[in-house]
Structures are given as C-alpha cells and as structure tokens.
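Chemist: Shown below is the structure under consideration.
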Amino acid sequence: MTETAQQNGGLPHVVVLGAGPAGVGAAYELTRNGRARVTVIEQRDTVGGNAGSFQLDGVWVDYGSHRLHPACDPGILNNLRELLGEDLLDRPRHGRIRLENQWIHFPLKPGDLLLRTPKKFAFGVATDMVRKKVAATNGQPDSFASVLEHSLGRTICQGFYFPYARKLWGLPPEQLAATQARRRVSGNSVGKILRKVANSVPGLKRPGAGRFFYPRRGYGEISQRLCEAAKLAGAQFVMKARVTAVEREGNSIAAVTYESDGQSHRIPTRNVWSTLPISLLVRSMHPEPPPEVLQAATRIAFRGMILIYLTLEQDHFSEYDAHYFPEESIPISRLSEPKNYSASTEPRGTTVLCAELPSDPGTKEWEMSDQELGDLLRQWLEQAGLPVHAKTLRVTTRRLRQAYPVYVRGYEKDIALADQWLGQVEGLLTFGRQGLFVHDNTHHALYMANAAAKCLGTDGSIDHELWARYREIFETHVVED
C-alpha cells in the first residue's frame, strides 16, 4: 500500500490494531461518518476478541460470560439496535452467588437476602455496620484490601471479596492497588450495595435494573455486525495477521508491519490506533522505546483465564444464566449457560456450560489436557452441589492470556511511564481495555471508540485537548457486575 493510496479520496488512512469491540467500534464510527479510510489488523480469524463468540455443537458460546448493560450510551445503543434489529434481546438477569454453602440470587433481592443469607454472615455484617469497624492502615498507602474493608467491613470482605480477589487476580488483596477496588467493584460501599438491592424493588427500580441486552447468536454478534457495517462503508479487515512492528520516523508514526501466511507485509500510514495490550504495543515500537519504558512494560501484568466448555446431552442444565463462586475451595470463578442468555431452545437435547478458571501460562492447569480439565470441572461442580448427571458429549477449552488487567500496588508508575511515552508519538492513539489497561465493559469500549473518532481531524491530526477530556471521563468508568 503506497502513500498515494493512503491519501486516496482525501481521507486520512487509520490502521486499527485489534478487532475487539473497541477496534471494530472505531472502524464503524470512522467509516460510517466518512472520517477516514480504515484498515483493521487482527490476529484471530474472527472479530470480537475476548468478547467474541463461536459455535460449539450447534450452540453459540462466548469467551466467558458477557452482557450488554443498559448503562450503554443511548446513541451507541440506538446504533446497535439498528444493526442487530430483533436479534438484540432484552433479557432478565437470573444468576446466583454461592456464599458459605448457600445460594443467593444475583442481582441481589431483599427477600432472598433475608431468607438465604447465612445467619453468622448476616450478624457479622450488621455488627460491622453498627460498630463502624475500619481496617487499620498502619501508615501504609491504601490498597484494595484497606479500601474495601474500610467501606464494607471485615465480614463482607473476608467472606466474599477477598477470596474472590485472590482467585480472580492471583494475589493477596493487600498487594492489589486501591484503584482495583474503586474501578472493579461497583458495590464498594454499603450504600451502593443497598441501592443495588433497592433496584429490585418495584417502584424503586432504575430503568434497566436487573436486565441486560444479549444478541441471539452469541455476544460476538455485536462485533460481527459492527464489522459488517464498517466493511460496507469501505473498511478493510486483515485477519490471521500478527503485528510485528509499529514503525516511526522521528516522533511520528510511519508504518505497520505484520505477518500473515508466513509472509511479512508493510502498510505505510501516519495514523495507528491500537487496542493491543499496552505492554505489547511498547515492545512492538520500532525504533524501540528507552530502556526505562521497556522495563516498565515488563512489569505490567494481565491475569489469564482458561475457559472450560462441557457439551451435555440435555436441553438445559439449570434455570440460571450464571453461577458465581467466590470461595477459594472451588477454583472456578463463574459458570454460565449460554442457552439461558439467549433464551434459546435449540438445538434440542444439547446444552453447553462455560466455566471460567483464572490461571496463568506456566501453571499446572494451563498445561492440562481438555479431558483432565473437564474431569476437574465435574468434580468442582459436584463439590458445589451442582452435579452433572447428563452424558458429557465433549470437553473443549480456550485459553486467554490477557483476560483481566492486574493492578499490583505501585502499577500506576509503570502505566504512566508507558502511557506518557506512547502519548508523545504523533499519530498514535491507544484505547480499549487492553490499550488503556482498564477494567471495563463492552459499552465502555464502544464509548472509547466513539470518542476517538470524534477526535480525528480531516487532515488526520488528533485533537489532543478533546482526547484528554475524554480520558478524564474514562477514568470515571466502573465495571457493571
């Protein structure tokens, strides 16, 4: 692709790295408004990234449990409704959490809390509230543990949040940054938890409370429809392509190189928008960044995930869309049943369970075979009182190396160093969960893509003041449970 082709039609050429929701969302926004010519480079053979879908024995399944929340920006939600039409279903949430061997409905309901919450746990929560117990900081900076224990009390933290944190992120809560509590835990105060409970009471519900949107053909249909619309508007998608370098001349973007089918390719461009993990982007820059930036990138950590799918010979396993397991004795963090998300009855006599097992490359679980992991999953479900009685037709696994950002205490310095250096490269923009190293939902990622498109000038320049204001808005995003 030549520089002449880059300027074809007088539009700037933007190369987007990664075709997750943020990447396809940016391609859609840029092309439908005629702001730019777009080329998207994606390593997988399908779009959607960790929010994608695939078919397994006739059932559409996702990479874990995903929902489109009603908190989605109204304009973005309207666009998705137009793209998906009747395929975008409005569904009630119907999950449950295992707490000290008791199942409690999730989202939380007043009656369920009163009847099913273990008495010892409920007494401890009440005592913490009355006595206003707070965690001693010993003069140390705030951490995930101190922030939550201060606002929620010891009982909720020790019985729920702390074991869940150790499982999800693989570290003691004392070693996690306070930001992890503020941005990842939406119910991070007693008042917020009570408001969540009130949202289930008729007359007190906020619009959309207790509901979610879900595509008929799996969550990845959101990214697929955005991709199709972007293609119709002229965007090009290069699949099964691995980015090998983001080249710069001086302090400006010059080109992107990638490998596909064993061959190397180069795209000259002055605009690269990256949704790749920020640590990977730093290592991909050529010439390479200063040593201190590279070192900072090596300390930026992501938590991996093994997804274990059981194909069962039965219509449905349970009535619930998701089960949550905060206790450490059950290694999986969540179990979902995709047919219950989409209210599907097809195919008859077959359903699939998807279990999320937090794990990192190099662990013993990471090296296990599908059958070994399937056998373990059945044991864990039996232990949790959810025995699998139906015949298991197949065990399938998927491994995600970067499922969640891990906010280790002190991570802010490393992120700031990498982010500031990347931010000085003219023509380079980073966004999305991986690109900005943030915990977010799909509606947050799509909002970032929409914001980025609004910052692109007709000459290909970025309105950095406007982007900085959007970055401040991104900082207020809190994950919807």
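The values are calculated or read from the model by the stated rules, or taken from the named source; none is laboratory data. On a predicted model such as this, the values are computed, not experimentally measured, just so you know. Neighbour counts run over all protein chains shown; Cβ positions are idealised from the backbone, glycine included.
Chemist: Determine the pairs where a residue that is within 20 Å of Gln180 (Cα to Cα), located within segment 379-408, has a partner that is part of a helix (DSSP H, G or I) with Cβ atoms under 7 Å apart, the partner being 6 or more residues away or on another chain.
Modeler: Between residues of segment 379-408 that are within 20 Å of Gln180 (Cα to Cα) and residues that are part of a helix (DSSP H, G or I), the close pairs are Gln402/Gln434; Ala403/Asn50; Tyr404/Leu168; Tyr404/Trp169; Val406/Trp169; Tyr407/Thr179; Tyr407/Gln180; Val408/Gln175.
Chemist: If you go through segment 239-278, how many residues are touching a strand residue (DSSP E or B) at 6+ places or on another chain (Cβ under 8 Å) and in a loop (DSSP other than H, G, I, E, B)?
Modeler: Total meeting the criteria: 8.
Chemist: If we scan segment 427-439, do we find a residue that is of a type in the set (Gly, Ala, Ser), assigned by TED's automatic domain parsing to the domain that holds Arg334, modelled with pLDDT of 95 or more and closer than 26 Å to Tyr324 by Cβ?
Modeler: The answer is no, given that none of the residues of segment 427-439 is of a type in the set (Gly, Ala, Ser), assigned by TED's automatic domain parsing to the domain that holds Arg334, modelled with pLDDT of 95 or more and closer than 26 Å to Tyr324 by Cβ.
Chemist: Starting from residues that are under 20 Å from Gly374 (Cβ atoms) and of a type outside the set (D, E, K, R), keep the ones in segment 329-346 and report whichever is surrounded by the fewest Cβ atoms within 10 Å (Cβ to Cβ).
Modeler: My answer is Ser329.
Chemist: Could you pull out the residue among Thr345, Thr275, Thr311, Thr298 that is in contact (Cβ under 8 Å) with a residue 12 or more places away in the chain and in contact with a Phe, Trp or Tyr (Cβ under 9 Å, 6 or more places away or on another chain)?
Modeler: Working: Thr345 fails: in contact with a Phe, Trp or Tyr (Cβ under 9 Å, 6 or more places away or on another chain); Thr311 fails: in contact with a Phe, Trp or Tyr (Cβ under 9 Å, 6 or more places away or on another chain); Thr298 fails: in contact with a Phe, Trp or Tyr (Cβ under 9 Å, 6 or more places away or on another chain).
The match here is Thr275.
Chemist: Moving to a separate point now. Residue by residue through segment 279-292, note down the ones that are in a loop (DSSP other than H, G, I, E, B) and either farther than 26 Å from Val438 by Cβ or of a type outside the set (Asp, Glu) (or both).
Modeler: Those that are in a loop (DSSP other than H, G, I, E, B) and either farther than 26 Å from Val438 by Cβ or of a type outside the set (Asp, Glu) (or both): Pro287, Pro289, Pro290.
Chemist: Something else now. For segment 151-167, name all the residues that are of a type in the set (A, V, I, L, M) and either in contact with a strand residue (DSSP E or B) (Cβ under 7 Å, 6 or more places away or on another chain) or assigned by TED's automatic domain parsing to the domain that holds Leu357 (or both). Break it down stepwise before answering.
Modeler: Going residue by residue through segment 151-167, those that are of a type in the set (A, V, I, L, M) are 152, 156, 165.
Within segment 151-167, just Ala165 meets the criteria.
Chemist: Right, another one. For segment 151-159, state whether one or more residues are surrounded by fewer than 17 Cβ atoms within 10 Å (Cβ to Cβ) and either modelled with pLDDT under 80 or closer than 24 Å to Pro331 by Cβ (or both). I'd like the intermediate steps shown before the answer.
Modeler: Start the filter on segment 151-159 by keeping residues that are surrounded by fewer than 17 Cβ atoms within 10 Å (Cβ to Cβ), which leaves 158.
Within this subset, residues satisfying the condition of being either modelled with pLDDT under 80 or closer than 24 Å to Pro331 by Cβ (or both) are 158.
Yes: one or more hits.
Chemist: Follow-up. For residues that are acidic (Asp, Glu) and part of a strand (DSSP E or B), tally how many sit in segment 43-81.
Modeler: Here the count works out to 1.
Chemist: Any idea how many residues of segment 197-235 are part of a loop (DSSP other than H, G, I, E, B) and modelled with pLDDT of 95 or more?
Modeler: So the answer is 8.
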